[in-house]
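The values are calculated or read from the model by the stated rules, or taken from the named source; none is laboratory data. In this text, all values refer to a predicted model and were calculated from it rather than measured experimentally. So basically every Cβ, Gly included, is an ideal-geometry build from the backbone, and we count neighbours across all protein chains shown. Side chains are part of the model used for accessible areas, which takes the heavy atoms of the whole protein and leaves out ligands, DNA and RNA. Shrake-Rupley method; radii C 1.70, N 1.55, O 1.52, S 1.80 Å.
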Amino acid sequence: MTGFVKDNQRPLTTVGLLIAALVSLRVLVAVLEVLNGIPLVQPTFEIVGMAYSGWFIYRYLLSAATRKELSVKVEEIKEQITGNHSPKP
């Protein structure tokens, strides 16, 4: 049995992480459904979401320089998650 686990450690880890992500997502959806049942919480969430979306568009998407900055940040996060460090030009 340990040979199987040792040989398939990466796929088993991936499957475990996917299952954990799905369970976490389901719990999050259940919590948000409960919160949306409380008066004034749903409209507040919507206002906060619209405000954040507006800020994000203003901050990162309106000019080419800030889009480049966002692209660099996204690439850095990808490198941190995957562990792939590509050389910088």
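Could you list all residues from the stretch 40-56 that are polar (S, T, N, Q) and within 18 Å of the chain's Cα centre (by Cα)?
To start, the set of residues in the stretch 40-56 that are polar (S, T, N, Q) comprises 42, 44, 53.
If the condition is that a residue be polar (S, T, N, Q) and within 18 Å of the chain's Cα centre (by Cα), then S53 is the only one that fits.
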Search result, residues across the stretch 1-49 that are assigned to a loop (DSSP other than H, G, I, E, B) and hydrophobic (A, V, I, L, M, F, W, C): M1, I38, L40
Check on T2, open to solvent by 100 Å² or more (accessible area, probe 1.4 Å), of a type in the set (S, T, N, Q) and at pLDDT below 95: yes
Scope the stretch 23-49; condition open to solvent by 90 Å² or more (accessible area, probe 1.4 Å) and under 18 Å from I81 (Cβ atoms); matching residues: L25
Residue within the stretch 50-69 that is open to solvent by less than 80 Å² (accessible area, probe 1.4 Å), polar (S, T, N, Q) and not in a helix (DSSP H, G or I) present: yes
Residue count for the stretch 37-55, restricted to those that are closer than 30 Å to L17 by Cβ and modelled with pLDDT under 95: 1
